[in-house]
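The values are calculated or read from the model by the stated rules, or taken from the named source; none is laboratory data. Fair warning: this is a prediction, and the values are worked out from it, not measured in the lab. Ideal geometry is used to build each Cβ from the backbone, glycine not excepted, and the neighbour counts take in all protein chains shown.
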Amino acid sequence: MPMYKGGYWGKVLVVNLTEGAFREEDLPPEIAKNFIGGVGIGVKYLFDKVKAGTDPLGPDNKLIFAVGPYTGTAVPCANRMAVVSKSPLTGTIAASFAGGYFPVELKKAGYDALIVEGKADKPTYLWIRNGEFRLRDARSVWGTQTSDCQQIIKDELNDQNARVACIGPAGENLSKMACIINERRAAGRKGLGAVMGSKNLKAIAVRGTNTVRVASEDKFKATRSEMIKAMKESFVLYEAFAQAGTPLGVEHMSLMGIFPIKNWTATAELTIEETLGLKVQDSRKVGRTHCYGCPVGCSQLHLAKGTPYGGILAEGPEYETFYSFGGQTGVDNIDSIIAADRLADELGLDTISAGVAIGFAMELYEMGILAPAHTNGLELRFGNHEAMVKLLQMIAFREGLGDVLSDGVKVAAQRIGKGSEKYAMHVKGLELPAYDVRGAKAHGLNYATSYTGADHNRGYAFQEIMGIPIPFSANGLSVEKKGELTKWNQDAQTALCDCTAICSFILPMALMPIALSNTSALLEAVTGNTYTEDDILKVGERINNLARMFNAREGFTRKDDSLPERLMTEPMKGGPCDGSLISQKELDLMLDEYYTARGWDLETGIPTKEKLADLGLEYVTE
């Protein structure tokens, strides 16, 4: 096994469910150096181990859980893991992230990554404890909701300190919007829960008590102190973000005129501050929770009140869920949004994709494309919260219209027909998140080019949305320099957050001015590997190019780097972004600049051999 000074164990656990076999592989030092960890390791192993054309729901697909070098150390907010696979929803790389306590437990159990392959012949769960592992019968928990599953497994193992990541009924039923839940944290989006369900893997339980070393205690204390100082000096991190969490964004995005309403037909036409804003959120708030090692504690606990939702507690809803179950569906009943959020967690459904699918169905119903005969009698009108909650259950259990929607809006539109494709809000099959990018065009370019599909977190344009002028300021209504900016955002956020794996929320909230210098110093202190600031960005660039090549191998080209028709032909009405859209001409201008900045072929959007060689990825062209 290779020797590491700190931050890594140098071990990857590979579990073959078909054979019931385990093996430990060394993590080569050059992979650790060039890809850091988290999503970097996940993308590297997925490209190398999954062949082109592999069925995402077949036994040959891999499900990879990868932590970062910070995980399990005293770096604050570094509790996260990346879960990487080939997405059944999009056919692209799927990369989702989750915090809580499970990632640290996996790291302390002695592994930098876990790779699951094959398919078990019956419902199974995996038990890992400090380098020991076995497969156990999960038939007694098959069919359970996620909270019940986690508790039953802990009881069965006689270890309440074990941490469990599991799927709910949605994953068992292979909904392509199913996610993986640990505690009440979700590795959401892109159908990773369906990949887990396709393998007959109900859960992974892990317990670890090992201590993660750092290479230099003195350097670590100094660089960690710099990070904590920046967090304390932030005017928003503790004073606002810790107190409200991501739902802080509901009012902000509404005032910017980019909070999407009613399947993106009424953005900025309706105001939601009085019904879903901070005052109403605070009326339901009963506390907040922390991920492991996080001093911020941004997760808000909300308790629904009144009939019929009273007494339902959710760890959320997050900003994106206020959009998906609120703005997108036209629902302004906060108690129903709290209830739907909790239900989605229990069923194991991604709230963004599920809510966008429901809003899509509501628009089709109001247009007459869907009739009561198609909806099991549900009156799917915007604002009908009872119908929203019922349809959420139907999606998880693939009942009626829920079965049609369960594979995402792209497939649903193909099945429904009648011109419904025009109203399906997705990129590459992944439903749009909570920013109307007609008013934030770098954010829109990121939706179009992200290797996962429409994913706000792969290249969040905080310059447009939060006014942070790093590396330079940006006007959300302009297309100027948006290709250069999007490349920088994607590369920086990949390396700084998704690889290390640190919480992406604190980057714009507190760390952006010192992010590159602090990360290079902190990585050296933790791992002993040296990085310049340019090296950090090059790691992000390397990963985005390798991910792009995975997608190119699956047939994705420039033609797929697009946006829904509505965003390109229907101007926004009202608000600060009145009249704005992203025309095909504007998108082409941004794509040309983006591909040029990346060193990709302008016609195909595929990395050139020269660019791959520059990044040490020559083997990819073979």
Failed item, numbered, when A340 is tested on (1) among the aliphatic types (A, V, I, L, M); (2) more than 20 Å from the chain's Cα centre (by Cα); (3) within 16 Å of E386 (Cβ to Cβ): (2)
Condition broken by A501, with the remaining ones in (1) modelled with pLDDT under 95; (2) surrounded by 23 or more Cβ atoms within 10 Å (Cβ to Cβ); (3) part of a helix (DSSP H, G or I) satisfied: (3)
Within the range 1-37, tally of residues that are assigned to a loop (DSSP other than H, G, I, E, B), touching a residue at least 40 places away in the same chain (Cβ under 8 Å) and farther than 30 Å from T124 by Cα: 5
Scope the range 389-435; condition in contact with a Pro (Cβ under 7 Å, 6 or more places away or on another chain) and in a helix (DSSP H, G or I); matching residues: A396
Close pairs from the range 38-54: first at pLDDT below 95, partner of a type outside the set (S, T, N, Q), Cβ under 8 Å, at least 6 apart: none
Total residues in the range 271-311, condition polar (S, T, N, Q) and more than 24 Å from N79 (Cα to Cα): 5
Selection count where residues are surrounded by fewer than 14 Cβ atoms within 10 Å (Cβ to Cβ) and among the hydrophobic types (A, V, I, L, M, F, W, C), scope the range 571-581: 0
Number of the condition not met by Y531 [criteria: (1) of a type outside the set (A, V, I, L, M); (2) on the phi > 0 side of the Ramachandran plot; (3) free of Cβ contacts under 8 Å to residues at least 40 places away in the same chain]: (2)
Of all residues in the range 292-325 being out of contact with any strand residue (DSSP E or B) (no Cβ under 6 Å at 6 or more places or on another chain) and either among the β-branched types (V, I, T) or on the phi > 0 side of the Ramachandran plot (or both), the one that is surrounded by the fewest Cβ atoms within 10 Å (Cβ to Cβ): T307
Some residue of the range 43-63 being among the aliphatic types (A, V, I, L, M), in a helix (DSSP H, G or I), assigned by TED's automatic domain parsing to the domain that holds A120 and out of contact with any Cys (no Cβ under 6 Å at 6 or more places or on another chain): yes
Within the range 436-460, considering residues that are part of a loop (DSSP other than H, G, I, E, B) and under 15 Å from the mean Cα position of the chain (by Cα), the one surrounded by the most Cβ atoms within 10 Å (Cβ to Cβ): G453
Residue list for the range 109-134, restricted to those being under 12 Å from N200 (Cα atoms), surrounded by 18 or more Cβ atoms within 10 Å (Cβ to Cβ) and more than 25 Å from the chain's Cα centre (by Cα): A120, P123, T124
Helices (runs of 4 or more DSSP H) contained in the range 170-281 and holding at least 3 residues over 30 Å from M367 (Cβ atoms): 192-198, 217-233, 248-256
Which numbered condition T527 misses (of (1) of a type in the set (V, I, T); (2) crowded, with 21+ Cβ neighbours inside 10 Å; (3) out of contact with any Gly (no Cβ under 6 Å at 6 or more places or on another chain)): (3)
Residue that is farthest from V620 (Cα to Cα) [pool: residues in the range 582-605 that are of a type in the set (A, V, I, L, M) and surrounded by fewer than 19 Cβ atoms within 10 Å (Cβ to Cβ)]: L589
G616 at positive phi, in a loop (DSSP other than H, G, I, E, B), touching a Phe, Trp or Tyr at 6+ places or on another chain (Cβ under 7 Å) and not aromatic (F, W, Y): no
Residue tally, condition over 30 Å from A552 (Cβ atoms), out of contact with any strand residue (DSSP E or B) (no Cβ under 7 Å at 6 or more places or on another chain) and part of a loop (DSSP other than H, G, I, E, B), over the range 81-121: 1
Any hit, the range 231-247, residues being of a type in the set (A, V, I, L, M, F, W, C), under 25 Å from the mean Cα position of the chain (by Cα) and under 30 Å from P571 (Cβ atoms): no
The one condition in (1) surrounded by fewer than 22 Cβ atoms within 10 Å (Cβ to Cβ); (2) free of Cβ contacts under 8 Å to residues at least 40 places away in the same chain that I470 fails to fulfil: (2)
Given (1) over 25 Å from K44 (Cα atoms); (2) in a helix (DSSP H, G or I), index of the condition S473 fails: (2)
Checking V409 against (1) under 18 Å from P260 (Cβ atoms); (2) outside the structural domain of L347 (by TED's automatic domain parsing), the condition it does not meet: (2)
Single condition H290 does not satisfy, out of (1) under 20 Å from I506 (Cβ atoms); (2) in contact (Cβ under 8 Å) with a residue 24 or more places away in the chain: (2)
Qualifying residues in the range 372-388 (those that are surrounded by 20 or more Cβ atoms within 10 Å (Cβ to Cβ) and outside any loop (DSSP other than H, G, I, E, B)) - the one nearest to the chain's Cα centre (by Cα): M388
Condition check for Q328: modelled with pLDDT of 95 or more, in the same structural domain as E366 (by TED's automatic domain parsing), touching a strand residue (DSSP E or B) at 6+ places or on another chain (Cβ under 7 Å) and surrounded by 24 or more Cβ atoms within 10 Å (Cβ to Cβ): no
Residues being β-branched (V, I, T) and free of Cβ contacts under 8 Å to residues at least 60 places away in the same chain - total across the range 338-357: 1
Tabulated pairs, the range 62-82, first in contact (Cβ under 8 Å) with a residue 60 or more places away in the chain, second among the charged types (D, E, K, R) and surrounded by fewer than 24 Cβ atoms within 10 Å (Cβ to Cβ), C-beta under 6 angstrom, 6+ apart or interchain: G72/K108
